[in-house]
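Written out below as structure tokens is the structure these notes cover.
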Amino acid sequence: MDASAFYAYLTRARRDLWAELRRPSDGDLSRPVVPAQGARCLKDLALHVATAEDGWFRGDLLGRPLMFGRLGWPEPASADGDWHHEDKPLDTLLAYWEAVEAATLTGWPELLEVAASGRRIPVGESRPETLSADEVLWHVMGTRSGTPPRWSR
């Protein structure tokens, strides 16, 4: 599967998702729907997708500062840093996601070079596992190592 074509698909699909997220009230998007310590509301889940891309692509693969800083937000102090943002307006969260996507598109050629390099990326600071840069690329895009999602076959 072509990574560039798949990311282009994701950028188009996000427009539909963002339009749907703008339909419910802020209260509905902020309401806990997942009984967990992590993501609890739809805003948390939306922000998680953006921070995963920001962290893995910009931070881990390209070694650049996260987009959090450009928006005046402190970088998450832990892996749980993208949870519990029910108080932030949806437009603020989507502006961050759009900034992350724009940075990804700008850095796309370099991301593909890193993905092809065979470089290994630590899964976490306290874990010994690593992923290939290519696996990281596909993981962030929502699939496994270039395997097309079932719905796209």
Per-residue HN-Hα couplings for segment 90-106 [Karplus 6.51, -1.76, 1.60; θ = phi - 60°; Hz; x = Gly/Pro]: 4, 4, 5, 5, 6, 5, 4, 4, 4, 5, 5, 4, 4, 5, 5, 4, 5
Residues whose placed amide H lies under 5 Å from that of residue 85, excluding near-sequence neighbours: 44
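Order the peptides 112-119, 53-60, 132-139 from the highest to the lowest mean number of other Cβ atoms within 10 Å of their residues. Numbers along the way, then the final one.
On the way: 112-119: 14.6, 53-60: 21.1, 132-139: 19.2.
Ranking, from highest mean packing down: 53-60, 132-139, 112-119.
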Cβ crowding within 10 Å averaged over residues, with 15-22, 43-50, 86-93 ranked highest first: 43-50, 86-93, 15-22
Distant-in-sequence amide H partners of residue 131 (H built 1.01 Å from N, under 5 Å): 121, 123
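Each reported figure results from applying straightforward, stated rules to the coordinates on display, with no laboratory input. Please read these numbers as outputs of a predicted model, since none were measured by experiment. Counting neighbours? That spans all protein chains shown, and the Cβs are built from the backbone with ideal geometry, glycine included.
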